[in-house]
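The numbers here are math on the coordinates, done by the rules we state, and not lab data. Predicted, not measured: the structure shown is a model, and the values here were computed from it. Glycine gets a Cβ as well: all are built from the backbone with ideal geometry, and neighbour counts include every protein chain shown.
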Amino acid sequence: MKVTCRLIFLVLCLLLLVSGAQAATLYVNVYEKTTNISAIPYASVFVNGALAGKTGNDGIFTFSHPGTSPITVKVMKAGYESWEEEVGMAESSILVQVIKKELVLNIGIFDADSAIPIASAQVRVNGPNITEFQKMTDMNGSVTYPAQALGIYNIQISAPNYQNRNEVLEMGNEGKNIQYLLIRGDRFSILAKSAVDQTPVANADVFIDGASKGKTDGKGILSLEIPRNKVYNIKITKPGFTDYFEKKMISENEAVVTASMAIAPYQASIFVFDETKAPIQGASIIIDGKTLGNTSPYGKYTFHDLLSGQYVLEVKHPGFSPMRREIGEDDLGKDITVELPYQQADLRIFVEDEGYHVIPGVSISLNGRNSGVTDDYGAFKTQVKVSTEYNITASMKGYKPVTMIAGIDPGNTTSTITISMEKETNTGLFLTAGLIIAVIIIIILVILLVIRRKPKTKSSHGSSKSYGGGGGGKKGEI
């Protein structure tokens, strides 16, 4: 029994000795070497692909491992190249030297007024990893330098007729493209912007001490060559904007004077007419979807506080086709004339007689112009202008012509008119019959007159008286 207990105790001691021999502590010391050796804090340490921890302020990370087989240690730090090696079982510490990443620094040099690249500008860069300190910009105003991540660089820039510029640049973990603007020693620029939305004000007139110096370009810029360190009276004007005034000292270090120009209110009038040039009263005036008012009896509406800019103008009135157009700075401050065409509507005309029977083939005239004839159903269809009176005439042989005045009210798209026609009395027939009767009467009267004037004839066998006796001689005979 005692022997068994001793054996168990010896085995446990042996296991403890073996276990103590296999366990190991590894010190990872991370540093960089430039002119001096510097510890790298907060570097990430990976063991066999898994994050084990980070170095402290002294650049050291400690961990225990079984010591039964080699391990793979990887060290990573932003701005540095990663380090990775296999560490044997017997090693208790390793020194890890990390090297900063090689990056590219691109520098572009441009004119502060025109943003044009400046060729042959001298650029001098001092800092880590720089071997060629001075370079000249190419035609694109660019130079390229090698750089280290997290490095600090002093940059000096000079060019003929420009002010020198000195800059300090701290690189990050990636390469950089840096652009610098140089100010001319004999020139500065006027930049005119809208006070509402900061957009450039182009074609603005610039005056210095009362003398005209030109107009701003499409970017709102006018570059001037005038001496520095002097007080100037600056005036900028443009229609639609309130005049800008400033008394200013132009110093050596100033490149641009920014003028914030307030938009001036405009007064503009709209005159609305119909197709006959008659004014339209009550037409709705709409700007950018908002109804502002209606035209007067003279067809006029006036804007009193419309600011310079671009707007969508709409004019509407019942009975007329609406008008929509853009108005801008060229229209503001002027009279805007709008002509509204009449709205078209469908007109249907039915023609019937007194017995309500349709009459086909009836000629229809509108305002004295022949427009067509009725169809087999006594109907005539056409389009007319709304709110316009028409003289409508229906005519056909055998019927009395009919004339009426009609129109289509605003808001209606169709209208129907019925015209009733009377048949004409045949006066020709009556005239002919009367003429025949008159002729007959005349003939009868002539016959009667002739009969009345004809003489009567006496008979030869009538009785006669005898005078004397005897021989029956005739009286008066010799």
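Data overview
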quantity	calculated
Cross-link pairs Lys101/Lys176; Lys385/Lys423; Lys33/Lys54 - those with Cα-Cα distance over 25 Å	Lys385/Lys423
Computed FRET value (nearest 0.05) for Thr403 with Ile263, which takes r as the C-beta separation and R₀ as 60 Å	0.50
Distance in nm between pseudo-label sites at Ile94 and Met136 (7 Å out along the Cβ direction from Cα)	5.1 nm
Helix axis angle, 427-453 relative to the chain longest principal axis, alpha carbon, degrees	10 degrees
Extension gain from Glu167 to Ile451, taking 0.36 nm per residue of separation minus the Cα-Cα distance	87.1 nm
At most 16 other Cβ within 10 Å, DSSP loop - chymotrypsin sites (Phe, Trp or Tyr not before Pro), the stretch 78-186	Phe133
15 Å beta-carbon shell around Ile236, net charge (K/R +1, D/E -1)	+3
Loop-resident sites, the stretch 155-214, for GluC sites (Glu not before Pro), counting at most 16 other Cβ within 10 Å (DSSP)	Glu174
FRET efficiency for Lys277 and Ala433, using Cβ-Cβ distance with R0 set to 60 Å, rounded to 0.05	0.55
Order of Val358, Val384 under a 10 Å beta carbon neighbour criterion, fewest first	Val358, Val384
Derived scalar couplings ³J(HN,Hα) [the stretch 138-143; Karplus, 6.51 cos²θ - 1.76 cosθ + 1.60; whole Hz; x for Gly, Pro]	7, 5, 8, x, 10, 9
Alpha-carbon Rg/Rh ratio, for the stretch 21-97, with Rh computed the Kirkwood way	0.97
Debye, to nearest 20: dipole size of the stretch 21-97, +1 on Lys, Arg Cβ, -1 on Asp, Glu Cβ	180 debye
Over the stretch 265-339, relative contact order from alpha-carbon pairs under 8 Å, at least 6 apart, %	40 percent
Under-5 Å amide H pairs with Ala121, H placed in peptide plane, nonlocal only	Thr137
Amide proton proximity set for Gly151, modelled H, under 5 Å, gap of 5+	Met171
Inter-label distance for Thr237 and Ile152, nm, one decimal - labels placed 7 Å from Cα along Cα-to-Cβ	5.5 nm
Using alpha-carbon coordinates, inclination of helix 2-22 to the longest axis of the chain, degrees	60 degrees
Estimated 222 nm signal from helices in the chain, with DSSP H stretches of n ≥ 4 weighted -39500 (n - 2.57), rounded to 500	-3500 deg cm²/dmol
Residues Thr393, Thr302, sorted so that the one with the fewest Cβ neighbours within 10 Å comes first	Thr302, Thr393
In Hz, Karplus ³J(HN,Hα) per residue of the stretch 117-134 (6.51, -1.76, 1.60; θ = phi - 60°; x = Gly, Pro)	x, 9, 7, 6, 7, 8, 10, 10, 10, 10, x, x, 6, 9, 10, 9, 6, 10
Where labels lie 7 Å past Cα in the beta-carbon direction, separation of Tyr298 and Gln198 in nm	4.5 nm
Theoretical gain in end-to-end length, Ile226 to Val373 [0.36 nm per residue, Cα-Cα removed]	44.6 nm
Table column - 3J(HN,Hα) (Hz), the stretch 187-197, Karplus curve with 6.51, -1.76, 1.60, x for Gly and Pro	8, 9, 10, 9, 10, 9, 10, 6, 6, 7, 10
FRET efficiency, 1/(1 + (r/R0)^6) with R0 41 Å, evaluated for Glu329 and Gln383 via beta carbons	0.55
Loop-located GluC sites (Glu not before Pro) in the stretch 48-156, at most 13 other Cβ atoms within 10 Å (DSSP)	Glu81, Glu132
Ranked list, fewest to most other Cβ atoms within 10 Å of each Cβ, for His65, His317	His65, His317
For the stretch 102-182, alpha-carbon Rg over 2.2 N^0.38 Å	1.03
Lysine-lysine proximity count for the stretch 188-261, Cα under 12 Å, sequence distance 8 or more or distinct chains	9
Check: the stretch 344-421 dipole with +1 on Lys, Arg Cβ and -1 on Asp, Glu Cβ, in debye	260 debye
Amide H contacts of Gly309 (H built 1.01 Å from N, under 5 Å, at least 5 apart or other chain)	Glu329
From the coordinates shown, Cα extents along the principal axes in Å corresponds to which of (1) 243, 96, 40; (2) 149, 56, 54; (3) 70, 56, 42	(1)
Scattering profile of the stretch 188-261 at q = 0.18, 0.23, 0.24 Å⁻¹ [log10 I(q)/I(0), Debye over alpha-carbon scatterers]	-0.63, -1.02, -1.11
